[in-house]
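**Q** Take a look at the following structure, please.
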Amino acid sequence: MNETYLETGKIVSTHGIKGEIKVLPWADSPEFLTRFKTFYLAPAGSAKAAYRALEAESCRVQKTCVLVKFKGIDTVEDAAALRERVLCIARDDPHIPAGTVFQADLIGLPVYANGAALGTIREILSMPSSDVWVVRGEHEYMIPNVRAFVPEIDLSLGRVDVNLIEGMQTDAD
């Protein structure tokens with residue numbers, strides 16, 4: 001099921017005294033977040049609470065983080081109240097290339113090799129050369145997300161087909 005909002009990062013601290021916040025982005029690059037004017041603050045604790053829309057006045061990259069100034073967040077105290085909260089974007093906002101898949105859509109998908117079910121994608125590790133999927137079922141596998149090992153991701157069928165090689169099963173004897 002596609003969620004309405006996609007988690008894009010976590011507010012890790014304040015920056016300066018005028019209400020700016022520092023976001024640790026969960027994207028391919030911090031620059032990705034600078035494209036958006038509207039963010040959504042994920043509900044804290046209760047899943048029944050509403051997402052809160054926040055309008056960005058400014059957004060810029062600082063090293064590996066993103067500094068954002070939101071309208072109505074004008075003091076360091078206002079910004080500090082947002083610390084540790086998760087920021088989201090609306091799923092329909094980003095314009096992404098065809099064939100691009102959000103990590104949020106991969107988590108929980110069943111994975112198959114030669115027609116046999118291996119388990120589901122439980123975690124995605126961002127490594128320098130490629131993302132690595134942690135697949136758990138009867139065994140655990142570490143599968144790099146590269147064309148040689150992941151020839152097909154079919155979100156319409158809700159499955160991923162992979163090619164395994166020796167060493168991908170991490171709990172082998």
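Every number in this text was worked out from the coordinates using simple rules, so none of it is lab data. Given the structure is predicted, the values throughout are model-derived calculations rather than measurements. Positions of Cβ are backbone-derived with ideal geometry, glycine not excepted, and every protein chain shown enters the neighbour counts.
**Q** Arrange the following residues from fewest to most other Cβ atoms within 10 Å of their Cβ: 132, 23, 146. Mind showing how you got there, number by number?
**A** Numbers: 132 19, 23 25, 146 12.
If I rank by nearby Cβ atoms, fewest first, I get 146, 132, 23.
**Q** Can I ask one more? Rg and Dmax of the chain over Cα atoms: what are they, in angstrom?
**A** Spelled out, the Cα radius of gyration and Dmax of the chain are 18.7, 57 Å.
**Q** Apply the Karplus parameterisation 6.51 cos²θ - 1.76 cosθ + 1.60, with θ equal to phi minus 60°, to every residue of the stretch 97-106 and state each ³J(HN,Hα) to the nearest whole Hz, in sequence, with x for glycine and proline.
**A** Those phi angles translate into x, 4, x, 6, 10, 6, 4, 4, 7, 8 Hz.
**Q** Hey, another quick one. Take every DSSP beta bridge whose two residues both sit in the chain, then give the antiparallel share in percent to the nearest 5. Numbers along the way, then the final one.
**A** On the way: 46 of 48 bridges.
So the antiparallel bridges amount to about 95 percent of the total.
**Q** If you bin the C-alpha pair distances of the stretch 103-161 every 10 Å from 0, what whole percents do you get?
**A** Per 10 Å bin, starting at zero, the Cα-Cα P(r) for the stretch 103-161 comes out as 24, 63, 13, 0 percent.
**Q** Eight or more residues apart or on different chains, and alpha-carbon atoms under 23 Å: count the Lys pairs in the stretch 5-90 matching that.
**A** 18
**Q** While we're looking at this one, here's another question. Under 5 Å between amide H atoms, partner at least 5 residues away or on a different chain: which partners does residue 10 have, H built in plane at 1.01 Å?
**A** Sorted by chain and number, the residues that satisfy this are 24, 26, 87.
**Q** Return 54, 33 ranked ascending by Cβ neighbour count within 10 Å, so the fewest neighbours appear first.
**A** Details: 54 20, 33 23.
With the fewest neighbours first, 54, 33 line up as 54, 33.
**Q** When 58, 156 are ordered from fewest to most other Cβ atoms inside 10 Å of their Cβ, what list results? Walk me through the numbers before you get to the answer.
**A** Values: 58 10, 156 5.
With the sparsest Cβ surroundings first, the list reads 156, 58.
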